1. Going by Cα centres, segment 249-266 and segment 115-155 are how many Å apart?
2. Expressed in nm to one decimal, what extension gain is obtained for the pair K383 and A104 from 0.36 nm per residue of sequence separation less their Cα-Cα distance?
3. How many times 2.2 N^0.38 Å is the alpha carbon radius of gyration of segment 235-278?
4. Suppose every Lys and Arg Cβ carries +1 and every Asp and Glu Cβ carries -1, with no other charges. What dipole size does the chain come out with about its Cα centre, to the nearest 20 debye?
5. Over segment 350-392, how many pairs of lysines fall under 17 Å by alpha carbon, counting only those 8 or more apart in sequence or from different chains?
6. Within 11 Å, Cβ to Cβ, of P333, how many net charges do the neighbouring residues add up to if Lys/Arg are +1 and Asp/Glu are -1?
7. Can you list the aspartates and glutamates whose alpha carbon is less than 14 Å from that of K293, not counting same-chain residues fewer than 8 positions off?
8. Please state, as a whole number in µm²/s, the translational diffusion coefficient that the Stokes-Einstein equation yields for segment 339-438 at 37 °C and 0.692 mPa s, with Rh defined as the Kirkwood radius across alpha carbon pairs.
Amino acid sequence: MVKRTKYVATIMVAGVAVLLAACGKQSSDSNKQTLNLSMSQPIGSLDISKATDFSQTGNAYESFFRLGKNGKVTSGLAKSSSVSKDGKTWTFNLRHAKWSNGSAITAQDFVYSWRRTVTPATKSQYAYLFSGIKNATKVNDGKVAAKTLGIKAVGKHKVVVTLNKPIAYFKTLMTYSLFAPQSQRIVEKYGKKYATRSQYNVYSGPFKIENWTGTGNKWDFVKNNQYWDKKAVKLHKINYQIVADNSTGLDLYRQKKLDLTPLSSEQVKNYQNNKAFKQYAFAYITYLKYNFKDPNSVRRAAIHNRNIRMAFSLAVNRDELTKKVLGNGSTTPTGFVTSGLAADPETGEDFGQAQKVKNHVVYNKALAQAYWKKGLKQLGLKKLSLTVTAASDDQTTSPVTQYLKGQLEQVLPGFNLDIKQVPGQVANQLGQKGEFDMTVSSWGADFKDPISFLQIPETGTAYNYGKYSNKAYDALISKAQNQDANNAEARWHDLVQASRLFTKDQGMTPLYQQTTSYLQNPNVKGIVHNTAGEEWNFKTAYVK
């Protein structure tokens, strides 16, 4: 799941959209193709086997493919590929590419990288994305050796991957830099120093990283002149710095030191009619997560009551939340899967429309109160108090939780909502321990397929901290991923039905779908922003 640093109990990514900004005009032609970009927090790791944020890594690391404009799969290190009729064997023919140090990238580099990531000792938080590749889960669980993983090198330029079952989104998944090669020689040369600084690594993508110390607030992406498609790369350098808040970013933009800066809700109101105003959507949804294993018996019974959960969903005025409280371009969701992520393979209908269930993810005060009254009666209660946990280090937390408190308490007589704000890391730990009633949580798609969201509520999945469980839901997801895995339309139908079931059950209550507003200098062109997976692609970016 998205990608990015994950505060699972409170903010998933993700891709957490990373705050970016690109520079203004340069004083000389020689420096014109230089951008100054900003991020809200430092890079966590340059080791793709251990990274938790992949929003930018595709600019320095490349797998078989990469995501291009409009989320289309484009050429990467594979010059061609093929898949067997049963969908279980993929063959990738590599181009004659080089690492940033000039040494050859070989098929064995892919084999080594994948084995390293799924090896239990690596403790990769993203190893789950290898699930479906032969023996990946067993390797990660320590049950079989890494050499049994379903990937092998045939000569220097052919990689063969064997799957346990067909994976409908496998080609798109292979755009993720998590699946990029790693040089065993470099890993072993630097040992514990590997990837702890930018110079202790080599890069396969359009840029190489320089001046990253592991702790500093500034670093650079420099054009990788060894990159196989270097002619397509116009930028010479990208200078990064940490910009912690939107006010500072806006000041830098006004000083012509940044060309792309994210806006707060108040800033959006002032700049939404400006010609530089721009919005970038991401497949990232924020929702109420319920703890079905709540340690308190009264609260646990309330959370298990579907009428109570339905009352919460119908009491939230999402139009008011997105337009008045957030005001940043975020939109109202139709279900747990974001709109604009995937389309029906036959009709082209957006999944967001297909998953809609009437009177479930809408504001309906009268119906909310009816469900509420029925739920309290079933529980033998006249009033109910719950606590919502949220990350204090997210700028949207306070306005969203305050809105929920005011709105739910106003619409639902006898309800009291306490707010518990803690640092994101603490919220994540509380989530893992099951020490919460509800959380304001978020999740971003790792790839353009509904399963990137719909696998979360499955019984027993790692990120299902609320311990939601529904046998009928599990059966639909299993059917989509197994029996119908090689039948695109049947699989689509399974996933639509699963999402509708989840909405009817209100296993989690969707609140809003994220869109981030920016001011962008019109002279900066060619930035590819992806709505899922690796968010920012600067391969074709340039300054006009």
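1. 43
2. Values: separation 279, 0.36 × 279 = 100.44 nm, distance 6.77 nm.
Length gained between K383 and A104: 93.7 nm.
3. Numbers: Rg = 11.4 Å, N = 44, 2.2 N^0.38 = 9.3 Å.
For segment 235-278, the normalised Cα radius of gyration is 1.23.
4. Numbers: 74 positive and 38 negative charges, 169 e Å.
Using Cβ point charges on Lys, Arg, Asp and Glu, the chain gives about 820 debye.
5. Details: K365/K373; K365/K374; K373/K382; K373/K383; K374/K382; K374/K383.
Number of lysine pairs found: 6.
6. Surrounding charge for P333 is +2.
7. E435, D437
8. Working: Rh = 16.4 Å.
For these conditions, the coefficient is 200 µm²/s.
The values are calculated or read from the model by the stated rules, or taken from the named source; none is laboratory data. This is a predicted model, so every value here is computed, not measured. Counting neighbours? That spans all protein chains shown, and the Cβs are built from the backbone with ideal geometry, glycine included. We work out accessible area using only protein heavy atoms, side chains counted, and drop any ligands, DNA or RNA first. Shrake-Rupley method; radii C 1.70, N 1.55, O 1.52, S 1.80 Å.
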